[in-house]
Amino acid sequence: MSTIIDTFIAPPCHDKVETLYQDEHLVLINKPSGLLSLSGKNPQNLDSVHHRLVKIFPGCTLVHRLDFGTSGLMVIALNKAINAALCQQFSQRTVTKVYSALLCGHLSENEGVIDAPIAKDPALFPLMSICAINGKPARSGYRVIERFHHEQQDGTLLPVTRVELTPETGRTHQLRIHCQQLGHPILGCDLYGGLLLPGTEQTPRLMLHASELHFAHPISGEWIRARNESLF
């Protein structure tokens, strides 16, 4: 069995974790792009959402994660019972997650579904792969918000599509690899072909943002519809 060695060292993230809502049971935050959700095994990767928040909310736990480059909404449980209740909602897929993204090129269809199983392959780490045999079911919906051209400093116009993505499952790198499968990778994605062409401007980040999170409050049962608009 192959041993996976993670050599990634996260650059310093100077952006703050913004608290959008809190009560005695949970906290809703906005994660900045370029910050790990959980600290890595390498001591140089200590800084993370959890590392920062546990200093403010001792005993808090992450219910779910966002990729290093992804910004946006996360819900944090303030005790084990709340964590268990929220994790159950995620596992039963009763939580609605909506993402905003900029994709390379212009999509031909206005909406659709990508249904492609995703597998881990130690030989490709950290890349995931589409695999009908060993992959776990993965399904994502997309809807075009606008198509436009981004003007480069040299005057070159690059076609870009702003989309709303709704993952039905929660596989690692799901939205990134599904957009690649669609033929329009996410702008700024270094793993799945979303970097701009050589000689053009490089996007400063992965253009993927968790913009909405809908779930039932584990104590009151009230339906929470959190929104956090993307800055890009």
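Summary of values
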{"read-out": "Given (1) of a type in the set (Asp, Glu); (2) outside any strand (DSSP E or B); (3) crowded, with 17+ Cβ neighbours inside 10 Å, index of the condition residue 212 fails", "value": "(2)"}
{"read-out": "Number of positions in segment 34-46 that are surrounded by fewer than 17 Cβ atoms within 10 Å (Cβ to Cβ) and of a type outside the set (Gly, Ala, Ser)", "value": "6"}
{"read-out": "Residue in segment 59-67 that is at pLDDT 95 or above, buried (at least 17 other Cβ atoms within 10 Å of the Cβ) and hydroxyl-bearing (Ser, Thr, Tyr) present", "value": "yes"}
{"read-out": "Count of segment 130-141 residues which are of a type in the set (A, V, I, L, M, F, W, C) and either part of a strand (DSSP E or B) or within 24 Å of residue 211 (Cα to Cα) (or both)", "value": "2"}
{"read-out": "Criterion violated by residue 139 - all others in (1) under 25 Å from residue 68 (Cα atoms); (2) over 20 Å from the mean Cα position of the chain (by Cα); (3) surrounded by 11 or more Cβ atoms within 10 Å (Cβ to Cβ) satisfied", "value": "(2)"}
{"read-out": "Residues within segment 142-193 that are surrounded by 21 or more Cβ atoms within 10 Å (Cβ to Cβ), in a helix (DSSP H, G or I) and hydrophobic (A, V, I, L, M, F, W, C), tallied", "value": "3"}
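The values are calculated or read from the model by the stated rules, or taken from the named source; none is laboratory data. In this text, all values refer to a predicted model and were calculated from it rather than measured experimentally. Positions of Cβ are backbone-derived with ideal geometry, glycine not excepted, and every protein chain shown enters the neighbour counts.
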